[in-house]
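Asks: First, the structure itself, so that you have it in front of you.
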Amino acid sequence: MGKKSTKKKQMLGKKLKQNRRIPVLAVLRTHRRVQFNRFQRDWRKRKLGLKG
């Protein structure tokens, strides 16, 4: 396995941040309009979709 490039590291970091769960306060404040994170993924089923 080779070392990751800085570009790939940035992409991995971005995907990691996108994967975070939505805070309960956000759900309450928006009156459940925002219920789930569209970017959240099941690591067993969905791939990261990194290009490069």
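The values are calculated or read from the model by the stated rules, or taken from the named source; none is laboratory data. Every value quoted in this text rests on a predicted model; they were computed, and no experiment measured them. Note that each Cβ is placed from the backbone with ideal geometry, even for glycine, and that neighbours are counted across all protein chains shown. All accessible areas refer to the heavy atoms of the entire protein, side chains included, with ligands and DNA or RNA removed. Shrake-Rupley method; radii C 1.70, N 1.55, O 1.52, S 1.80 Å.
Asks: For Cα pairs less than 8 Å apart in space and 6+ apart in sequence, what is the mean separation divided by the residue count of the chain, i.e. the relative contact order in percent?
Replies: Relative contact order comes out at 38 percent.
Asks: Please identify the trypsin sites (Lys or Arg not before Pro) of the stretch 1-34 that satisfy two criteria: DSSP loop assignment and at most 14 other Cβ atoms within 10 Å. Which are they?
Replies: LYS3, LYS4, ARG20, ARG21, ARG32, ARG33
Asks: Starting from the exponent 0.38 and prefactor 2.2 Å, build the expected Rg for the chain from its residue count and divide its actual Cα Rg by it.
Replies: Cα-based Rg divided by the globular estimate yields 1.47.
Asks: Considering only protein heavy atoms and a probe of 1.4 Å, how much of the accessible area of the chain is carbon and sulfur, as a whole percent?
Replies: 55 percent
Asks: Subtract the Cα-Cα distance of ARG32 and GLN18 from 0.36 nm times their separation in residues, and report this length gain in nm to one decimal.
Replies: Length difference between fully extended and current span is 3.1 nm.
Asks: In Å², what does the accessible area per residue of the chain work out to with a 1.4 Å probe?
Replies: Each residue of the chain exposes 106 Å² on average to a 1.4 Å probe.
Asks: Still on this structure: Taking the Cα atoms only, what angle lies between the long axis of helix 6-18 and the longest principal axis of the chain, rounded to 10 degrees?
Replies: Tilt of helix 6-18: around 20 degrees.
Asks: How far, in nm, would the chain grow between PHE39 and THR6 when pulled straight, counting 0.36 nm per residue and subtracting the alpha carbon separation?
Replies: 9.7 nm
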